[in-house]
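In what follows, a structure is listed as structure tokens, so that the remarks can point back to it.
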Amino acid sequence: MTTSTAPATHREPDVPPDVLCDNLVRIFRAEGIEVVALQGLDLRIERGELVALVGASGSGKSTLLGILSGLDAPSAGRALVAGHDLAHLGRRERLAYRRSTVGFLFQQAAANLLPYLTANENVELPMLLAGVRRRERALRARETLEVLGVADCGDRRPGMLSGGQQQRVALAVAVANRPRVLLADEPTGELDTRSSEEVFGALRRANRDLGTTVLVVTHDALVSEQVTRTVRIRDGRTSTEVLRRGDGAAGEVVAEEYAVLDRSGRLQLPSRFTSRLSMRDRVRLDLEPDHIGVWPATRRDPGDAS
Ligand code: ADP
Ligand code: MG
């Protein structure tokens, strides 16, 4: 087996990343019991990326999104979003941050919307709170609903909309103030396949047409096939990444798997790789000019190898 040392993402040298987590730790204490929900998580998302975050239940996905959204604070480590250091936000800054820098989409569409307001009014509300003028509000609400494919829902209340429409209107609310980063926590978790596809299409349009950087937590394997980068979180740390590019020989999509290399040089190898080659406890390494080889350790001392 060979692990590539190529960088996982293309990096523009002058553009700072939109999301940067460095050794992020979150410990919950409840009734004398400590739960380490995030244990030194590293994550970097460039501006304009659409990244899927996958991982088993309890792996720390919602905890991470809670911190990035400014709802919760890390116990240790650093989290920067669009240049804001989340460990050092004052009350007012936090409010402004939550209102304008990040948008949030929850799993339950209904939780994202006010039932007694029309879709248009729901989308205008965050703009109203941010002091946007009336004409601009109406204009931008219409534009946002249109981009997300729900222009015809503007005058209807949430109760009159399907689940997929509700969640797309909720997305319009989340991006109404044109946040730099949109955080979505299993936004298609309660929807059927078709509605999920609609919502995911809308997420892609928010990313492509509105320039929003998107981090979406999902269980849906199909969804992670539609994004360029999938980050897997395991036990509160990011473990592997899959990058997809449409540049295969016959134009097919090529998926490459990456592992996160932290600052100390730690690397987590996927268990389906290590178990296939019966790798345990110790592996043999070889530095080649353009890659590092990893082999199952042999019984012999590495120095004796011929
Ligand atoms: P995921 O979203 O990946 O399912 P979570 O981030 O919700 O995972 O939870 C990660 C771990 O942290 C779990 O063990 C969970 O029980 C624990 N946890 C999350 N929130 C709290 C809390 N407020 N108090 C105590 N433990 C929590
Ligand atoms: Mg969760």
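Each value in this text was obtained by applying a stated rule to the coordinates, not by laboratory testing. The model shown is predicted, which means the values in this text are computed figures rather than measured ones. Here the Cβ is made from the backbone with ideal geometry for all residues, glycine too, and neighbour counts use every protein chain on show.
For segment 122-176 and segment 77-104, compute the distance between their C-alpha centroids and round to whole Å.
24
Debye calculation, C-alpha points only, no solvent: report log10 I(q)/I(0) for the chain at q = 0.10 Å⁻¹, in the same order as the q values.
-0.62
Using the Cα centre of the chain as origin and beta-carbon charges of +1 (Lys, Arg) and -1 (Asp, Glu), tell me which of MET160, ALA206, LEU53 is placed farthest towards the positive end of the dipole.
Of the options given, the answer is MET160.
If you build a Gaussian network model of the chain, linking Cα atoms that sit under 10 Å apart, which residue out of VAL173, VAL132, VAL150 swings the most?
Of VAL173, VAL132, VAL150, the Gaussian network model singles out VAL132 as fluctuating most.
Regarding segment 58-138, what are the three Cα extents along the principal axes, ordered largest first, in Å?
Its Cα atoms span 43, 28, 18 Å along the three principal axes.
What list of ³J(HN,Hα) couplings, whole Hz, do you get for segment 143-156 from phi and the Karplus terms 6.51, -1.76, 1.60, once you set θ to phi - 60° and write x for glycine and proline?
Each residue of segment 143-156 in turn: 4, 5, 4, 5, 4, 8, x, 10, 4, 6, 9, x, 8, 9 Hz.
As I understand it, the dipole of segment 116-209 uses +1 on the Cβ of Lys and Arg and -1 on the Cβ of Asp and Glu, about the Cα centre. Which of SER196, VAL150, LEU125 lies farthest toward its positive end?
With unit charges placed on the Cβ atoms, the residue in question is LEU125.
Work out, step by step, the length gained on full extension between ILE292 and ASP152: first 0.36 nm times the residue separation, then minus their alpha carbon distance; give nm to one decimal. Don't jump to the answer; show the numbers that get you there.
Details: separation 140, 0.36 × 140 = 50.40 nm, distance 5.49 nm.
That works out to 44.9 nm of additional length.
Could you work out the longest stretch of the chain that avoids the trypsin sites (Lys or Arg not before Pro) located in DSSP loops with at most 16 other Cβ atoms within 10 Å?
Details: sites that count: ARG11, ARG47, ARG133, ARG156, ARG263, ARG266, ARG299, ARG300.
The answer is 157-262.
Treating the beta-carbon of each Lys and Arg as +1 and of each Asp and Glu as -1, no other charges, what is the dipole magnitude of segment 10-119 about its Cα centre, to the nearest 20 debye? Walk me through the numbers on the way to the answer.
Working: 12 positive and 12 negative charges, 73 e Å.
Using Cβ point charges on Lys, Arg, Asp and Glu, segment 10-119 gives about 360 debye.
Please express the shape of segment 94-163 as an equivalent ellipsoid: the semi-axes are the square roots of 5 times the eigenvalues of the C-alpha gyration tensor, given largest first in whole angstrom. Could you put the intermediate results ahead of the total?
Values: eigenvalues 74, 51, 24 Å².
Sorted largest first and rounded, they come to 19, 16, 11 Å.
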